[in-house]
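Taking it in order: structure first as structure tokens, then the write-up.
The values are calculated or read from the model by the stated rules, or taken from the named source; none is laboratory data. All values derive from a computational prediction rather than experimental measurement. Here the Cβ is made from the backbone with ideal geometry for all residues, glycine too, and neighbour counts use every protein chain on show. Quick note on the areas: whole protein, heavy atoms, side chains included, nothing else; ligands and nucleic acids left out. Shrake-Rupley method; radii C 1.70, N 1.55, O 1.52, S 1.80 Å.
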Amino acid sequence: MSAAPLLQVEDLRTEFASAEGPPAVAVDGISFSVDRGETLCIVGESGCGKSMTALSIMRLVPKPNGRIAGGRILLEGQDLAALSEAEMRQVRGRAISMVFQEPMTSLNPVITIGRQIAETVMVHEGLAWDACMARALEVLRLVRMPEAERRLREYPHQLSGGMRQRVMIAMALACRPRVLLADEPTTALDVTIQAQILDLVRELQRETGTAVVLITHDLGVVAEMADRVVVVYAGRKVEEAPVQALFDHPAHPYTRGLMGAMPHLGGAGAGRRRLTEIDGLVPALTALPPGCAFAPRCGLATERCRAEAPPLREVAPGHLAACWEAAHG
């Protein structure tokens, strides 16, 4: 019998109160699991619910309007959605950590780097201050921070974007979490630094066995990092597959659209291939169309698509898609 997943999200639903009527459902019944040492990528356009899924797992949904309205978030069998806020504070940062999208706004500008990391260790492990600072230095070296001892005494504004992202990763790893959520960890970084950060995450994962949930809109990052991929649209999971199967045989028209917008290098005529675009925009969560939310932008949509929301179904072993017209090829 196979071991239970390290993290299992079941039918997660997160909504925000709306002054105009029914609540806006930002995460609508999303389910997935992550095993030890595995990397799961969550993919989709801006506004599709990727970051809100991660914030829901961390129980950091913005209040007072936002709330987790249903589902379970099982970390080694413990339902995080059922914990009190005091209990969740003991889990957050220790058992499960998050690297936020923009380190300049996530780091405190008036506290030194060393102190920010050390305080995390003190809160969760209660070590003496000298031991906490020693751990801060240890994790800065772990993330290959140049001149790590000097950086302990510096402030966020004194570091480059790539260094600040390393600090965020170091802070997230300071208490040796079992799950790491990374929300667009390479956004706004140049391509060389992006590659370094991704290599770092992969290397740390090999060393620590941490499970990684990587949120991105960059399919190049997905191809390089993922074991499995979940594609989300308008708060719903529309496709899930092992990474190679997803790239070889994308089943959902939305996934195919994302693939078509990705530049390709090399090969005959690659330089002349025109990128495709997905017409229209992600619908407002307060004004979702009936049926399939992607139908207004989909060239394959039928009357059934516009009237009836498709369920997730298996189109190949381990490959799910929520589309009435889904097919390989």
Exercise. Ranked by accessible surface with a 1.4 Å probe, highest first, in what order do His217, His249, His319 come?
Worked result: His217, His249, His319
For this session: Please give the per residue accessible area of region 49-204, computed with a probe of 1.4 Å over protein heavy atoms only, in Å².
Result: 45
Exercise. How far, in nm, would the chain grow between Asn108 and Glu138 when pulled straight, counting 0.36 nm per residue and subtracting the alpha carbon separation?
Worked result: 8.8 nm
For this session: Provide the solvent-accessible area of Leu173, counting protein heavy atoms only and rolling a 1.4 Å probe, rounded to the nearest 10 Å².
Result: 20
Exercise. Can you list the HN-Hα couplings for region 61-71, worked out from phi with the Karplus curve (6.51, -1.76, 1.60; θ = phi - 60°), rounded to whole Hz and with x for Gly and Pro?
Worked result: 5, x, 10, x, 6, x, 7, 7, 9, x, x
Exercise. What does the accessible area of Thr187 come to, in Å² to the nearest 10, when a probe of 1.4 Å is used?
Worked result: 50
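By how many nm would the segment from Val191 to Trp129 lengthen if fully extended, with 0.36 nm per residue of separation less the alpha-carbon distance?
Full extension from Val191 to Trp129 adds 18.6 nm.
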Exercise. Which helices, taking whole DSSP H runs in the chain, have alpha carbons extending 27 angstrom or more along the helix axis plus mean Kyte-Doolittle at least -0.5?
Worked result: none
For this session: Leaving ligands, DNA and RNA out of it, rank Ser160, Ser56 by accessible area with a 1.4 Å probe, largest first.
Result: Ser160, Ser56
Exercise. Of all the accessible heavy-atom surface of the chain, with the other protein chains kept in place and a 1.4 Å probe, what percent is carbon and sulfur?
Worked result: 53
Exercise. Roughly how many debye, to the nearest 20, is the charge dipole of region 1-150 about its Cα centre, given +1 on each Lys and Arg Cβ, -1 on each Asp and Glu Cβ, and no other charges?
Worked result: 240
For this session: Show Met133, Met88 ordered by accessible area, largest first, where the area counts protein heavy atoms only and the probe is 1.4 Å.
Result: Met133, Met88
Problem set entry | Options Gly235, Ile30, Val167, ranked by Cα towards positive dipole end of the chain, top entry (Cβ charges) | Val167
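If each DSSP helix of 4+ residues adds -39,500 (n - 2.57) and the sum is divided by the residues in the chain, what number results at 222 nm, nearest 500 deg cm²/dmol? The partial results should precede the final answer.
Numbers: 12 runs with 107 residues, N = 329.
Taking each H run of at least 4 residues, the total per residue is -9000 deg cm²/dmol.
Could you calculate the contour length gain from Leu300 to Glu20, that is, 0.36 nm times the residue separation minus the distance between their Cα atoms, to one decimal place in nm?
Working: separation 280, 0.36 × 280 = 100.80 nm, distance 3.22 nm.
Using 0.36 nm per residue and subtracting the Cα-Cα distance, I get 97.6 nm.
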